[in-house]
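Trainee: Supplied in structure tokens, the structure appears directly below.
Every number here is computed from the coordinates shown, using simple stated rules; none is lab data. Just so it is clear, the model here is predicted, and its values are computed rather than measured. Cβ placement follows ideal geometry from the backbone for every residue including glycine, while neighbour counts extend to all protein chains displayed.
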Amino acid sequence: MIELRGLTKHYGDTVAVDHLTFTVRPGIVTGFLGPNGAGKSTTMRMMLGLDNPTAGTVRIDGKHYRQLKNPLTYVGALLDAKAMHGGRSAANHLLCLAQSNGIPRARVAEVLDLVGLASVAGKRSKGFSLGMGQRLGIAAALLGNPRVLLFDEPVNGLDPEGIHWIRNLMKNLAAQGRTVFVSSHLMSEMALTAEHLVVIGRGRLLADTSMAEFIEQNSRSYVRVRSPERERLLTMLYREGMRVFAGEAGALEVDGVPAERLGELAAAERLVLHELSPQQASLEEAFMQLTAGVVEYHARNGGGPPPTVQGGGPVRSAVPQGAMSRGPAPDGWGTDRQWQRKRS
């Protein structure tokens, strides 16, 4: 278990980490997310005693990292896969780490085989590709068979087979009751790996919740409905007081109503449906929504200004007759306007 209490780090007038308090629990993979410059790497360095906090504490199983005897047998970490002597072979690099932490020599061969580097154990690491170096860094993290593991961008340089392997490895380690804390910018991989999320922005805690709750709280969920009898479908939805948006290809998007309920209503009206599908935002969309106001570095699109119609205004989707505009939809919901039944 990793416990942070009021953890703070200043570099002069710059606040890199601002009173972070959260707990990383064993038995699940916890993802650590945040925009560039959010303070993720600084936080992980303080967990390992590489940086001293300005204020607050961080404890691993109740102890500061520097209090751990033979720390590699307690905590394994991959923060920088290039942090090795390029003139040493893969086996000698791991052997040095093993001897400094009281780890049996036989463990070196075991982890090299585990990460797929047994065939190059005698080769110098300076000739390794980015992916091979990443595998060697992971081997070093696993060397002491630790109860706590920290990974910073563990899939960097890995091929598809390697990405699949590290994903399953982290899940298996957590299933064994270990504490697994992983930071990554690859949202698609994080969505497949992590069960719990800690999200920070500008050094402050933004979210500490399960993956499912994070997506639900920071994105829009709706049901997409499509019917050849669109006007009858609209009439039914308005009559039931539902929030309806225009979707693509003539579909309608209904908020706050289960798909089962919509199907039952359509059946009662003898409406033919060509589509009835619940829609959930991705982790990336939810992350972008939450962190939009704390991004340090903004890039600009090169597409130029939006297209215009005669008169100079931006293109907007038309509102059908019998409905009225309620203003633009929230960010991430598309450009269509909300449809509401016209009130007399």
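Trainee: Rank by packing, highest mean first: peptides 57-63, 169-175, with packing defined as the count of other Cβ atoms within 10 Å averaged across residues. Present the calculation step by step, with values, prior to reporting the outcome.
Mentor: Values: 57-63: 15.3, 169-175: 17.6.
Descending packing order for the listed peptides: 169-175, 57-63.
Trainee: Top mean-square fluctuation among His85, His185, His19, Gaussian network model of the chain, C-alpha springs under 10 Å?
Mentor: His85
Trainee: On to the next question. What is the distance, in nm, between label points placed 7 Å from the Cα along the Cα-to-Cβ direction at Glu264 and at Asn52?
Mentor: The two pseudo-label positions are separated by 6.5 nm.
Trainee: Which length gain, in nm to one decimal place, applies between Arg66 and Glu248 when the Cα-Cα distance is subtracted from 0.36 nm times their residue separation?
Mentor: Details: separation 182, 0.36 × 182 = 65.52 nm, distance 5.71 nm.
Value of the extension gain: 59.8 nm.
Trainee: If each residue of separation counts as 0.36 nm, what is the full-extension length gain between Ala175 and Gln280 once their alpha-carbon separation is subtracted? Intermediate results must be reported in sequence, preceding the final value.
Mentor: Numbers: separation 105, 0.36 × 105 = 37.80 nm, distance 2.70 nm.
Once the chain is fully extended between Ala175 and Gln280, it gains 35.1 nm.
Trainee: Enumerate the calculated ³J(HN,Hα) couplings along segment 20-30 in order (Karplus 6.51 cos²θ - 1.76 cosθ + 1.60, θ = phi - 60°), each rounded to whole Hz, writing x wherever the residue is Gly or Pro.
Mentor: Running phi through 6.51 cos²θ - 1.76 cosθ + 1.60 with θ = phi - 60° gives 7, 9, 6, 10, 9, 9, x, x, 9, 8, 9 Hz.
Trainee: Which of the lysines could a cross-linker span from Lys123 if the Cα-Cα distance has to be under 20 Å and same-chain partners fewer than 8 positions apart are dropped?
Mentor: Leaving aside lysines fewer than 8 places away in the same chain, those within reach of Lys123 are Lys82.
Trainee: Given the C-alpha centroids of segment 129-182 and segment 192-267, what is the distance between them in whole angstrom?
Mentor: Answer, in whole Å: 35.
Trainee: Something else now. Show the residues, 5+ positions off or on another chain, whose built amide H is closer than 5 Å to the amide H of Leu68.
Mentor: HN-HN under 5 Å from Leu68: empty list.
Trainee: For a protection proxy built on the mean count of beta-carbon atoms within 10 angstrom, sort 249-256, 129-136 highest first, please. Intermediate values should be presented prior to the final figure.
Mentor: Numbers: 249-256: 15.6, 129-136: 19.8.
Most protected by this proxy first, the peptides run 129-136, 249-256.
Trainee: Which FRET efficiency value, to the nearest 0.05, do you get for Gln99 and Lys126 by plugging their Cβ-Cβ distance into 1/(1 + (r/R0)^6) with R0 = 22 Å?
Mentor: FRET efficiency, Gln99 to Lys126: 0.55.
Trainee: Another one. What ranking of Val182, Val244, Val272 emerges when the number of other C-beta atoms within 10 Å of each C-beta is taken as an exposure proxy, fewest first?
Mentor: Least crowded to most crowded, the residues run Val272, Val244, Val182.
Trainee: At 0.36 nm per residue, and after removing the present C-alpha to C-alpha distance, how many nm does the segment from Val272 to Thr73 gain when stretched out fully? It would help to have the intermediate numbers written out before the result.
Mentor: Numbers: separation 199, 0.36 × 199 = 71.64 nm, distance 6.27 nm.
Contour length minus Cα-Cα distance gives 65.4 nm.
Trainee: Along the charge dipole of the chain, pointing to its positive end and built from +1/-1 on Cβ of Lys, Arg, Asp and Glu, which listed residue (Val108, Thr235, Gly133) has its Cα farthest out?
Mentor: Val108
Trainee: Give me Tyr11, Tyr238 sorted ascending by neighbouring Cβ count inside 10 Å, so fewest comes first. The partial results should precede the final answer.
Mentor: Values: Tyr11 11, Tyr238 16.
Fewest-to-most Cβ neighbours within 10 Å comes out as Tyr11, Tyr238.
Trainee: Let me ask something else. Can you tell me how segment 220-279 classifies by the Cα gyration tensor, rounded, prolate or oblate, using a/c under 1.5 as the rounded cut?
Mentor: On the way: a/c = 1.32, a/b = 1.17, b/c = 1.13.
It comes out rounded by the Cα gyration axes.
Trainee: Starting from the 7 Å offset along Cα-to-Cβ, what nm value, one decimal, do you get for the label separation of Glu3 and Asn92?
Mentor: 4.3
Trainee: For Asp80 and Glu195, what is the calculated FRET efficiency with R₀ set at 30 Å and r taken between the beta-carbons, to the nearest 0.05? Write down the numbers at each step before the final one.
Mentor: Working: r = 26 Å, r/R0 = 0.87.
It comes to 0.70.
Trainee: Using only alpha carbon positions, build the gyration tensor of the chain, then give the equivalent ellipsoid semi-axes as the square roots of 5 times its eigenvalues, largest first, whole angstrom.
Mentor: Numbers: eigenvalues 491, 100, 79 Å².
Ellipsoid semi-axes (Å, largest first): 50, 22, 20.
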